[in-house]
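Okay, so here's the structure we're looking at.
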Amino acid sequence: MRTFLTIAALGLLAACHDPATQKTPAQGKVTVFTGGTIYTGLADQPKVNAVIVGEDGRIIATAPPTSEDWSEDEVTMVDLDGGVMFPGFTDAHAHLLGIGQREIMLSLEGTPSLESLVSRVSDEVAGKVPGEIIFGRGWIETDWPEDRMPSAADLDPVSPANPVILMRADGHALVANTAALKAADIYDIAGDSDGGRVERGKGTGKATGMVIDEAMYPVLQLVAEPSDTDIRKAYEIGAKTYVARGWTGTHNMSVDRNHAALLKALDDEGLMPLRLYNAYDENGFYLAKKHQYETDTIQNRAVKIYIDGALGSRGALLIQPYSDRPDTNGLEILDENVLHNLMMDAKEDEIQLAIHAIGDLANRRILDTYEELGYGPELRWRIEHAQILAPEDIARVGQLGLIASMQPSHAIGDLKFAPARLGMDRLGGAYAWKSMLGSGAVVAGGSDAPVEVGSPLIEFYAAVARKGLNGETGEGWHPEQALTREQALALFTSSAAYAAFQEDDLGTIEPGKLADFTVFDRDLMTIPEDEILEAKAVMTIVGGNVVWRQSAASE
């Protein structure tokens, strides 16, 4: 037993906490992570040299340099090999199914131009029989030299006989060719559905190809529903992709309630290495109320609802019209009365609401309704995105105790077109992480993948640099909203844990908490900001188990 006493003693010597909080090690083999820089996420003890983990996957103690006389049968040593370990990075807003599907479907991510998009479609058509649908996702026109959205007129010449449906990266708009528009019966003159819009030619009334938000459903119904096998495969691939990037967990948004049992089965079979906090779609109220299909690493207590659409497709609901389209102020997907009733239902059922709101009017409606109902911080309800707020509304988020679930990479992408959509005056309340924190709000950091890449390094960089991936910036980008390294780290660790009611188990490296760690090959807290994007994940640990390690072949 000498080894265990030594470990406990080292933990007590290293910790700055009350010794009473140090837990006595459980009997059995322990794992010691050492050999690199270890950031705890704690202000009073920011670094330690070793972390000792019990067989139950919880941290026993933190310690100074480990003793050399521990025997192999008592201790498993994990050498960080000079790597830099942090509390496990959690993506506080992602869509795991979509992440996996992106890896196996026609991915249009990074398509550099409209011409290239059309070329990709032409290549796909060459391998299809007439009538077979071509479906892809991931394009975004922000940096295209053509400086416009695609249209059916662009796609028709290369695909006259195959319906083409291409989702924009944000998932709130798609472009379809004429064959798809006619098959969906929305080509000719028709009224728009609530919360959606079909772009139509002036004077003709014919659909031009761009379809926004709720109006997309007739088009998407043309695509065959994925089988259970397809869905299972996508979740497996998504989880493997994410742990390889260094994520130890994700707050999984808009989950289909019918996938709850499948996710539990994957975890039971050891095929879900990622810790999941699921927010189900609106049909998942009963499931979230009853916490059904939970496991040691899967929690089901939240529901995701939508108030508006996205800024890029002009679906975000704004107080004033769009600067570049004065005829619209966006789309109302959920009206105020329905929001009021949903909030009351969620409160009664003790369900955490995660509410999608991008435009300033959408955000204001959440704040007004929440305040009107007299709700407080104990609910930990979340505004997903909180991208654009009237400056006078920013302080209300913290005052009301709502959580701002924000995605730093949205700023460095959207700020290339946001000035055109919003005008310069409204940008002061856009992507305002620093102001949000200054008002006392908890800000949880995510990526919204597959809308964005889904890299913890890109998100961390975006938060601290507030510049494009090539270092570019521009008028209206408000560099004063950039965060410190410590603030950025908290977004993906301690704040993400709080946003999921998991602060007692996750978010920092300290005794008693779960041993979820992310290891990178360099120190994100000290390297120049332009080197952050060059860093690599080298090890991902969940519950004390190394679920991914960089191999020599991947270096």
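The values are calculated or read from the model by the stated rules, or taken from the named source; none is laboratory data. Predicted model only: the values in this text are computed from it and were never measured. Every residue, glycine as well, gets a Cβ built from its backbone with ideal geometry; the counts of neighbours run over all protein chains shown. Keep in mind that these areas ignore ligands, DNA and RNA; they rest on the heavy atoms of the full protein, side chains included. Shrake-Rupley method; radii C 1.70, N 1.55, O 1.52, S 1.80 Å.
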Problem set entry | Subset of the range 256-280 (residues that are closer than 21 Å to residue 496 by Cβ and either in a strand (DSSP E or B) or free of Cβ contacts under 8 Å to residues at least 40 places away in the same chain (or both)) | 263, 267, 272, 275, 276, 277, 278, 279, 280
For this session: Test residue 284 against the criterion of being assigned to a loop (DSSP other than H, G, I, E, B), surrounded by 20 or more Cβ atoms within 10 Å (Cβ to Cβ), in contact (Cβ under 8 Å) with a residue 24 or more places away in the chain and of a type in the set (Gly, Ala, Ser), and give yes or no.
Result: no
Exercise. Does residue 38 satisfy the criteria of being of a type in the set (Val, Ile, Thr), more than 30 Å from residue 281 (Cβ to Cβ) and either touching an Asp or Glu at 6+ places or on another chain (Cβ under 8 Å) or at pLDDT 50 or above (or both)?
Worked result: yes
For this session: Could you list all residues from the range 169-219 that are open to solvent by less than 50 Å² (accessible area, probe 1.4 Å) and either in a helix (DSSP H, G or I) or more than 29 Å from residue 357 (Cβ to Cβ) (or both)?
Result: 177, 178, 179, 180, 181, 201, 205, 215, 216, 218, 219
For this session: Looking at (1) farther than 30 Å from residue 160 by Cα; (2) touching a helix residue (DSSP H, G or I) at 6+ places or on another chain (Cβ under 8 Å), find the lone condition where residue 229 falls short.
Result: (2)
Seminar exercise, completed: Contact list, first residue from the range 157-171 and closer than 28 Å to residue 309 by Cβ, second anywhere and among the polar types (S, T, N, Q) and part of a loop (DSSP other than H, G, I, E, B), beta-carbon distance below 6 Å, six or more apart or interchain, is 159/177; 164/177
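Matching residues to (1) of a type outside the set (Phe, Trp, Tyr); (2) under 16 Å from residue 180 (Cα atoms); (3) outside any helix (DSSP H, G or I); (4) out of contact with any Pro (no Cβ under 7 Å at 6 or more places or on another chain):
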{"residue": "101", "(1), (2), (3), (4)": "yes, no, no, yes"}
{"residue": "109", "(1), (2), (3), (4)": "yes, no, yes, yes"}
{"residue": "124", "(1), (2), (3), (4)": "yes, yes, no, yes"}
{"residue": "131", "(1), (2), (3), (4)": "yes, yes, yes, yes"}
{"residue": "142", "(1), (2), (3), (4)": "yes, no, yes, yes"}
{"residue": "146", "(1), (2), (3), (4)": "yes, no, yes, yes"}
{"residue": "153", "(1), (2), (3), (4)": "yes, yes, no, yes"}
{"residue": "159", "(1), (2), (3), (4)": "yes, yes, yes, yes"}
{"residue": "162", "(1), (2), (3), (4)": "yes, yes, yes, no"}
Exercise. For residue 116, which of the numbered conditions (1) hydroxyl-bearing (Ser, Thr, Tyr); (2) open to solvent by less than 30 Å² (accessible area, probe 1.4 Å); (3) without any contact (Cβ under 8 Å) to a residue 12 or more places away in the chain fails to hold?
Worked result: (2)
Problem set entry | The lone exception for residue 389 - which of (1) in contact with an Asp or Glu (Cβ under 8 Å, 6 or more places away or on another chain); (2) crowded, with 24+ Cβ neighbours inside 10 Å; (3) under 25 Å from residue 278 (Cα atoms) it fails | (3)
Exercise. Hey, among the residues in the range 222-255 that are closer than 19 Å to residue 87 by Cα and hydrophobic (A, V, I, L, M, F, W, C), which one's surrounded by the fewest Cβ atoms within 10 Å (Cβ to Cβ)?
Worked result: 244
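What about residue 466, is it at negative phi and either of a type outside the set (Val, Ile, Thr) or open to solvent by less than 10 Å² (accessible area, probe 1.4 Å) (or both)?
No.
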For this session: Could you tell me whether any residue of the range 481-492 is open to solvent by less than 60 Å² (accessible area, probe 1.4 Å), in contact with a strand residue (DSSP E or B) (Cβ under 6 Å, 6 or more places away or on another chain) and at pLDDT 95 or above?
Result: yes
For this session: Please specify each residue of the range 318-374 satisfying the condition of being under 16 Å from residue 306 (Cβ atoms), surrounded by fewer than 19 Cβ atoms within 10 Å (Cβ to Cβ) and hydrophobic (A, V, I, L, M, F, W, C).
Result: 338
Exercise. Restricting the search to the range 365-390, which residues are part of a helix (DSSP H, G or I) and either touching a residue at least 40 places away in the same chain (Cβ under 8 Å) or closer than 24 Å to residue 252 by Cα (or both)?
Worked result: 365, 366, 367, 370, 377, 378, 379
Exercise. Consider residue 121 against the criteria (1) farther than 30 Å from residue 444 by Cβ; (2) touching a Phe, Trp or Tyr at 6+ places or on another chain (Cβ under 8 Å); (3) hydrophobic (A, V, I, L, M, F, W, C); (4) surrounded by 21 or more Cβ atoms within 10 Å (Cβ to Cβ): it satisfies all of them except one. Which criterion is unmet?
Worked result: (2)
Exercise. Are any residues in the range 436-463 open to solvent by 20 Å² or more (accessible area, probe 1.4 Å) and touching a His at 6+ places or on another chain (Cβ under 9 Å), and if so, which ones?
Worked result: 451, 452
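Within 25 Å of residue 132 (Cα to Cα) and touching a residue at least 60 places away in the same chain (Cβ under 8 Å): is that true of residue 231 in this structure?
Judged against the criteria, residue 231 is a match.
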